[in-house]
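Engineer: One structure, as structure tokens, below. Some questions next.
The values are calculated or read from the model by the stated rules, or taken from the named source; none is laboratory data. The shown structure was predicted, so the numbers you read here are calculated from the model rather than taken from an experiment. Note that each Cβ is placed from the backbone with ideal geometry, even for glycine, and that neighbours are counted across all protein chains shown.
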Amino acid sequence: MLALDEAGLVAYQRLPMLQAIRRRSTPGSRRALTIIFCTSVAAIVSAAPMQTQDATAQIRSVLHEQQNAWNRGDIDRFMNGYARSASIVFVSEDTIRRGWETVRERYRKKYSDRAKMGTLIFSDLEITLLSPDAAVALGRWSLKRPNDQPHGRFTLIFKRLPEGWRIVHDHTSAAPLH
């Protein structure tokens, strides 16, 4: 049972350890609470864009490192952009592949030499932070090779892991060659 007395005390009749809790507040204490609340909200709101910028920059860095590794012919380094997990998903050519090792083997078979790898360019990147630990990246990829220039789009889901931002889901499509 809850009762309010003349002194502004809330009495909890059945909870001896909470017999009296002050409900009454002074104008000064309300002002102090308002200032604390507004300061806390301002700190959170102003920190959000910085966190978004940092995450976006870190994800761009992962993609930049992947592009550089590819262009050096280093598929293993390229794969550092992916989470080393059996649960990652790679969708391409109407096929779903699961697991870091499976994706790496697919790249090694399909791009078995430097001529097949060509020069990779990522462009038109759009990165959207979904939460402090998840983001989606949308972009274009293209390969410059002597005999053709395949290209297409990708959607990547990144997750912040202890080792940094890593791809956990990759859906890549190729545009028809002309």
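The rows are residues; the columns are (1) touching a residue at least 60 places away in the same chain (Cβ under 8 Å); (2) of a type in the set (A, V, I, L, M, F, W, C).
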position: L130; (1), (2): no, yes
position: V136; (1), (2): no, yes
position: G139; (1), (2): yes, no
position: L143; (1), (2): no, yes
position: G152; (1), (2): no, no
position: G164; (1), (2): yes, no
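Engineer: Condition first: more than 19 Å from V136 (Cα to Cα), touching a strand residue (DSSP E or B) at 6+ places or on another chain (Cβ under 8 Å) and loosely packed, with under 12 Cβ neighbours inside 10 Å. Now tell me which residues in the range 89-104 satisfy that.
Structural biologist: E93
Engineer: In addition: So if I check each of L156, L138, which one is surrounded by 11 or more Cβ atoms within 10 Å (Cβ to Cβ), under 24 Å from the mean Cα position of the chain (by Cα) and closer than 22 Å to D76 by Cβ?
Structural biologist: Just a single option satisfies the conditions, and that option is L156.
Engineer: Hey, another quick one. Just checking, how many residues over the range 96-118 are closer than 14 Å to D170 by Cβ and out of contact with any helix residue (DSSP H, G or I) (no Cβ under 9 Å at 6 or more places or on another chain)?
Structural biologist: Matching residues across the range 96-118 total 5.
Engineer: Hey, does the range 137-147 have a residue that's assigned to a loop (DSSP other than H, G, I, E, B), modelled with pLDDT under 95 and farther than 19 Å from H64 by Cα?
Structural biologist: Yes, the range 137-147 contains a residue that is assigned to a loop (DSSP other than H, G, I, E, B), modelled with pLDDT under 95 and farther than 19 Å from H64 by Cα.
Engineer: I'd like the full set of residues that are farther than 20 Å from F90 by Cβ and surrounded by 13 or more Cβ atoms within 10 Å (Cβ to Cβ), limited to the range 141-153.
Structural biologist: K144, R145, Q149, listed by residue number.
Engineer: Of the numbered conditions (1) closer than 14 Å to V62 by Cα; (2) surrounded by 16 or more Cβ atoms within 10 Å (Cβ to Cβ), R77 satisfies every one except a single condition; which is it?
Structural biologist: R77 satisfies every listed condition except (2).
Engineer: Let me ask another. Looking at the structure I just gave you, is R24 modelled with pLDDT under 95, in a loop (DSSP other than H, G, I, E, B), more than 22 Å from D113 (Cα to Cα) and of a type outside the set (S, T, N, Q)?
Structural biologist: It is true that R24 is modelled with pLDDT under 95, in a loop (DSSP other than H, G, I, E, B), more than 22 Å from D113 (Cα to Cα) and of a type outside the set (S, T, N, Q).
Engineer: A further question follows. Go through the range 64-111 and give me each residue that's assigned to a helix (DSSP H, G or I), within 19 Å of the chain's Cα centre (by Cα) and over 25 Å from P176 (Cα atoms).
Structural biologist: Across the range 64-111, the qualifying residues are H64, E65, M79, N80, G81, W100.
Engineer: How about the range 119-135: which of its residues are exposed (fewer than 14 other Cβ atoms within 10 Å of the Cβ) and over 19 Å from the mean Cα position of the chain (by Cα)?
Structural biologist: Of everything in the range 119-135, just one residue is exposed (fewer than 14 other Cβ atoms within 10 Å of the Cβ) and over 19 Å from the mean Cα position of the chain (by Cα), namely T119.
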